[in-house]
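Below: one structure, written as structure tokens.
A short reminder: the numbers here are calculations on the coordinates, not readings from a lab. Here the structure is a predicted model, which means the values were calculated and not measured. Cβ placement follows ideal geometry from the backbone for every residue including glycine, while neighbour counts extend to all protein chains displayed.
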Amino acid sequence: MADILVEQSCTPCRGGIPPLSIGEATQYLEQAPAWNLLDDGGQIQRTFWFSNFRGSLDFVRDVGELAEAERHHPDVAFGWGYATISLRTKKIKGLHQNDFIMAAKIDRLAMAAGAQDNRGQNRRSGGAPQGAPITSDTLQSNDNRGSTLTHPS
């Protein structure tokens, strides 16, 4: 069903409508299973892993281009080997179908960019299955200075 979302375009949200309920957001998560529902159903988030800084930077650039084309802009944090994308519709202070459309399109970009699962395996060549959940106790990466950072989910 995620392909259905990928084929859609974001529609302008002018506010004045309620955000998705937790139940509605959970149904959309079935179409974007690797994303985490946070803030009592107010946003979704996912961390993507790359083999180096350039991979993260290129992916973030591609996400930015997609955001401009769809006119729906995520919050992005990235560094050496990772990019964390958070989505919510600011005008309604919660989730809208647009957030899940973007999630599906971002997942497709990540796959094309060679994103890895949290164990460093390439998703296109035998890594964890697409949509494998990422949890806070498995989100760790090396910051290239010898210490390990734990990234919040």
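Couple of notes before you dig in:
- When its C-alpha radius of gyration is set against 2.2 N^0.38 Å (N residues), region 20-68 gives a value of 1.40.
- Calculated P(r) of region 42-83 - Cα pairs past 11 Å, %: 62
- Bins of 10 Å from zero: percent of alpha-carbon pairs in region 1-44: 24, 50, 26
- Across all Cα pairs in region 34-116, the calculated P(r) in 5 Å bins from zero up to the longest distance comes to 3, 16, 29, 25, 16, 8, 2, 0 percent per bin.
- Relative to the current alpha-carbon distance between His73 and Thr26, full extension at 0.36 nm per residue lengthens the span by 14.8 nm.
- The relative contact order of region 34-116 comes to 35 percent, based on Cα pairs under 8 Å that sit 6 or more residues apart.
- Dipole in debye (nearest 20) - region 34-116, about Cα centre, beta carbon charges: Lys, Arg +1; Asp, Glu -1: 100
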